Amino acid sequence: IELSRSTFVMPASVNEPDSANITEAFTEPEDALANVEPRVECSYSVPSNPPTRGLVRVIKTLSLFANFFFLLAACAQTSAALVDLASLYSVSLAAISVFQSVNCVAYISGTWIGGLLCTRVNVFGLLTAFSALLMAGLAVCSFMPNVLLFFGVSGLGAVAGGAIDSIANSHYLTMWEGHRIRDSLMQGLHAAWSAGAMGLGAVLKSFLDPNLTSTKANASQLLSDDAQLPPYSGHVQFAYILFASLGAIPLCSHIGLLVWDRCGPTAGPRPADASASKDGKGGGRPRRLLAGRPALIMVAFAVSVRVFDVEAFVSSFLSSYLFYGLNWSTPDASAAFSVFFAGQFVGRLLSVIVSAFVRPLHILLANGCLIVLAGIVLGLFGGTEGIAYITSFVMGVGNSSSFPSVFLWLSEFLPITGPVSASLFLGDLVSLLSPAFGYVIETKWPEFFVCFTSGSGALSLCCLAAGHRVGLRLLAAATEADSGELRELDDAILPIQA
């Protein structure tokens, strides 16, 4: 319980002491204060997410790592299984590819649901609920009787995945705010996702139909709306059940931490606003952070950087460009795709170390330059197989740490709350244009891939440079306003001290 104000109302019988007789004012008879009526206003709150330090903070972080490795990484496997799913439901590849757009809208919706709830409800209670929903969606989506129900159930799973992603990122930054290893662990959190995507992808291959080895000729036939794949003889449904079962590992850890928050030593009433300082310095950070309209301006710049982040574009259409633009075979294009993810994983591991010494701004600038350079080299010299593999790896490194680094860069200007975290996912709305991108690359202009990759990388650098410059000016203006308020306060206090 925090005593926010204590006011004593003096009765009329107690006279104000004369300035000439100060001694008597301090020797007033005890019965003179007998009728003093104290009035105390008390305020307290039971926090949904109690402060976390020490070993508990480490355990909570490991729980988030487990979710990214086992559960969120499973969401990415549907893209690798689209051909099998098309054969399973006897639809064309074009029809099953609608999953990408459905998944994009559902995922972003989930990020906003999670972002709005994480400040009002216990984080690990939310993670428990959404993890269970995602596990259920993974387990039953491929057993749906038709493709429309598959879209619906997998969309619910995507909503849960988006909520988990938004909640985990914002809560992690809150737990480790101001700590010297915060940036490195943030990169490691997303490196865990890359490792999980690689590992689960290797597991998925053993469940896919080996008869669905398409050549360039029948791949072109699959682009037509009336194309039908051969009868399915794989076991992709059981891969989804396995992924859902592995989700029990983070789910159990979330349940245990939820019980700890509710019944452990940190549970119970706490002073209101105990986790925030009274001078606007969130998390004990010794400087001013933006709020209000300046914060919205910086969020808009961060979203623009995410819009031109080509991670999703490159991962979706690198193989298509090599297949249609450079006339590679399907196995070779798939191998280059694996090289891209290998580069992404290596880049995220390196970012764990580099983030301890390099600011997020410089990491983002380096990533953008690598993407622009790799796109230009691939467009000019991609006909050489070795150069194409090298540029694929460099693109993976350039895309590796962009997403977590945007979070870290923005946290230099404002606190990363749930709604702010959800806002950054709005940059993924560009994925809604994937069907149009695929149509252009596969049928009209394959070189669009390298042009869009290099151009978007350059635009991302421009948005980042402009946003950082504006952010510094907004911080300077906010700091100057604070100094003016302090000077006014000093002017008011000085006469009293005199």
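The values are calculated or read from the model by the stated rules, or taken from the named source; none is laboratory data. Predicted, not measured: the structure shown is a model, and the values here were computed from it. Every residue, glycine among them, receives a Cβ derived from its backbone with ideal geometry; neighbour counts consider all protein chains shown. What goes into the accessible areas is simple: the full protein's heavy atoms, side chains included, and nothing from ligands, DNA or RNA. Shrake-Rupley method; radii C 1.70, N 1.55, O 1.52, S 1.80 Å.
Heavy-atom accessible area of residue 260 with all protein chains present, probe 1.4 Å, nearest 10 Å²?
The accessible area of residue 260 comes to roughly 100 Å².
Compute, for residue 193, the solvent-accessible surface of its heavy atoms (probe 1.4 Å) with the complete set of protein chains present, and express it in square angstrom to the nearest 10.
Here the residue's solvent-accessible area equals roughly 50 Å².
Round to the nearest 10 and report in Å² the accessible area of residue 393, as given by a 1.4 Å probe over the protein chains' heavy atoms.
Surface open to solvent at residue 393 totals about 80 Å².
Quick one: which residues, 5 or more positions from residue 328 or on another chain, have an amide H under 5 Å from its amide H? H modelled 1.01 Å from N in the peptide plane, none for Pro or chain starts.
It is 323, by chain and number.
How high is the FRET efficiency from residue 462 to residue 121, r the C-beta distance, R0 25 Å, rounded to 0.05?
Values: r = 39 Å, r/R0 = 1.56.
Computed FRET efficiency for residue 462 and residue 121: 0.05.
Can you sort 392, 206 by solvent-accessible area, 1.4 Å probe, largest first?
Working: 392 0, 206 90 Å².
Largest accessible area first, the list is 206, 392.
If we sort 455-462, 152-159 on the protection proxy, mean other Cβ atoms within 10 Å, highest first, what's the order? Walk me through the numbers on the way to the answer.
Details: 455-462: 19.0, 152-159: 21.8.
Per-residue Cβ counts within 10 Å, averaged per peptide and sorted highest first, yield 152-159, 455-462.
Roughly how many nanometres apart are two label points built 7 Å out from the Cα toward the Cβ at residue 144 and residue 376?
Distance between the two pseudo-spin positions: 4.5 nm.
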